[in-house]
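**Q** Once you've had a glance at the structure underneath, I'll fire off some questions.
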């Protein structure tokens, strides 16, 4: 892959693009999450219609179901899921370590039991790279150890050292030249440890660098502080990825700190439970005040749901547990996120990112205040 | 509405078209079921893409949720659901009478409690026509009494007489000139009673005539016998609707008997539970033999699911309870049904309907036999 940094805004926000095996991706960008090889409720055609340039899938989940072999029989994940644009696969490190009671960690790797059927598996750095090469993603992630953020300092330090050793093994295990591999910086909530791990991971010949171990339950202040601290320390000539973040406000903060790419289940998962993002704050379709609303979700949104349907109808679909609701809500929320990224790119190019981001955040906060009363009654 | 009978095949199958307020519908036709104002898992754009010319919604269900008033606030069902082609609304008679313990029948109408929240409602012939006029469907159905097929003869006779009186009240209650109203012939499984009720209902100035009270648990032999008996007795210059039928084989039989339009939840509901229709018999995606299948559902099908995805991927989506599965399966099954209707129209025009239908049925039966072994193991 080639990452091209086109422009840096005076505040540090970056405009660029990644040239990957399956196409070019403009940055900053948000990657819709398709854990099991499908962005829930959407087809590849929908994703293209809403302007998705890259999506994410998960090595752990795909390895368990349908299984790496079945993806291989399709010729890779792109063929299986009918998506011909870039894919990033997460390594599964985060998932494996969240199994806690069902995983056993050694220097070699992690032995774990499937959350689906209890079957036993071993993920080593080599195996995780091999699986991702079979999946055929454009970007593979290194296999990292993710200790709980509450772990004692000594445990975090040991884990960082192991993640660095595993990172080297990941690089040594690579055999495909058409797949990028990104390293992951850990270090918990300590600036000292983050700085040390940036030095360790960024010394390795990765194609891009990710900030891991955030958005795992820490406060927004910690998230912002660590992002602001870590992102600018990552190499300028490589793409920067903040894993698992987040809300529109957190994305805007991170872009300001110089982050380029994001993934999060928020817009898709929240869509299904009733939360819809708008320029004037978020709304909950479950709220009684939408029952008779002949307005679209967001009058300024160009998505199919907003162009076609009222809030009252969407509320009816949601209440009736109709599948169409999940689809329309997902379409809308992803359209909101991708439009936010497109607008950010325009603002960066115009050297007015901070001002624009501040306006977006203010308008959303004001809208949220205005609707808070009725929302809480609903 | 205007029904035009274009051609009758030597065996009695009819080719025609209905000119309705929201467009023209070729017959024979199948109407996808959108009970609550959405064909489950599909958008109006999907429905158009797969060639749906008309869809069905349900008065009982829409009256309870979102409520007739909310549909009215949208300006009608077409506006609410974003569908600008014809809609037929069932009257809710069938649903109200299936409540059994929760409904009280009188000459005036049926008092019933909502299956959703126990709220009390009264459906009279006048009210049901009024609601359907508010919904704004192209075709409204008369409010009929639907006794259980196991009811004693005297009860069936009393019910038929009441349905006839209610039919007259429905006609008297009409105020819209842009909405057709169809009468419903009852009469249980007795040819004598069917003949009598055809005479009674078809003497009334309805725009079309439906055969009700079939596909409610009787044998295929009874269904075929009563359809063959009743359909040809309906007026030739009006459209004929067999309610709630059914399998591809039962549709083909009924078309041969001179029926023009159909609705059934089968293709959409079966899709969601894993049954997929093909020219070579039906398959169950849950079956183990599809786990590694790189074939589409049906190599001869032109739908998006068959053009894009393998059985193995669809099985993966189904097993993982992914929403996309329901959508792709529904797209496929409705494509199959609508293609079957399109092919039937071609065969009727060519005066070879019986021969064509027999080939379709044989090929499906042979295919089913071929796969029965593995299917039963799955």
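The values are calculated or read from the model by the stated rules, or taken from the named source; none is laboratory data. None of the values given here were measured: they were computed from a predicted structure. Cβ placement follows ideal geometry from the backbone for every residue including glycine, while neighbour counts extend to all protein chains displayed.
**Q** Which one of these is touching a helix residue (DSSP H, G or I) at 6+ places or on another chain (Cβ under 9 Å) and in a helix (DSSP H, G or I): A:358, A:293?
**A** Sole residue among the options that is touching a helix residue (DSSP H, G or I) at 6+ places or on another chain (Cβ under 9 Å) and in a helix (DSSP H, G or I): A:358.
**Q** Checking the structure you have, find out if any residue of the range B:328-336 is buried (at least 17 other Cβ atoms within 10 Å of the Cβ), within 14 Å of chain A (Cβ to nearest Cβ) and farther than 30 Å from residue B:16 by Cα.
**A** Yes: the range B:328-336 contains one or more residues that are buried (at least 17 other Cβ atoms within 10 Å of the Cβ), within 14 Å of chain A (Cβ to nearest Cβ) and farther than 30 Å from residue B:16 by Cα.
**Q** Return a yes/no flag: does the range B:252-263 have any residue that is within 19 Å of residue A:65 (Cα to Cα) and either in contact with a helix residue (DSSP H, G or I) (Cβ under 6 Å, 6 or more places away or on another chain) or in contact (Cβ under 8 Å) with a residue 24 or more places away in the chain (or both).
**A** No, because not a single residue in the range B:252-263 is within 19 Å of residue A:65 (Cα to Cα) and either in contact with a helix residue (DSSP H, G or I) (Cβ under 6 Å, 6 or more places away or on another chain) or in contact (Cβ under 8 Å) with a residue 24 or more places away in the chain (or both).
**Q** Next question, about the same structure. Going by what's in this entry, would residue A:141 be described as assigned by TED's automatic domain parsing to the domain that holds residue A:241 and farther than 20 Å from residue A:58 by Cβ?
**A** no
**Q** Does residue A:273 count as surrounded by fewer than 18 Cβ atoms within 10 Å (Cβ to Cβ), closer than 30 Å to residue A:210 by Cα and within 14 Å of chain B (Cβ to nearest Cβ)?
**A** yes
**Q** Please tell me if residue A:108 is in a loop (DSSP other than H, G, I, E, B), assigned by TED's automatic domain parsing to the domain that holds residue A:30 and closer than 24 Å to residue A:243 by Cα.
**A** In short, no.
**Q** Determine which member of the set A:310, A:268 is closer than 30 Å to residue A:5 by Cβ and within 11 Å of another protein chain (Cβ to nearest Cβ).
**A** It is A:268.
**Q** Could you check how many residues of the range B:276-305 are away from chain A (no Cβ under 13 Å), touching a strand residue (DSSP E or B) at 6+ places or on another chain (Cβ under 7 Å) and under 22 Å from residue A:70 (Cβ atoms)?
**A** Residues flagged as away from chain A (no Cβ under 13 Å), touching a strand residue (DSSP E or B) at 6+ places or on another chain (Cβ under 7 Å) and under 22 Å from residue A:70 (Cβ atoms) within the range B:276-305 amount to 4.
**Q** Now for a different question. Of all residues in the range A:56-70, which are under 24 Å from residue A:19 (Cα atoms) and buried (at least 24 other Cβ atoms within 10 Å of the Cβ)?
**A** Result: A:56, A:57, A:59.
**Q** Taking the condition of being under 13 Å from the mean Cα position of the chain (by Cα) and part of a helix (DSSP H, G or I), how many residues in the range A:265-285 meet it?
**A** Residues meeting the conditions: 4.
**Q** Has the range A:297-316 got at least one residue that is within 23 Å of the chain's Cα centre (by Cα), part of a helix (DSSP H, G or I) and either in contact (Cβ under 8 Å) with a residue 40 or more places away in the chain or surrounded by 17 or more Cβ atoms within 10 Å (Cβ to Cβ) (or both)?
**A** No - not one qualifying residue is present in the range A:297-316.
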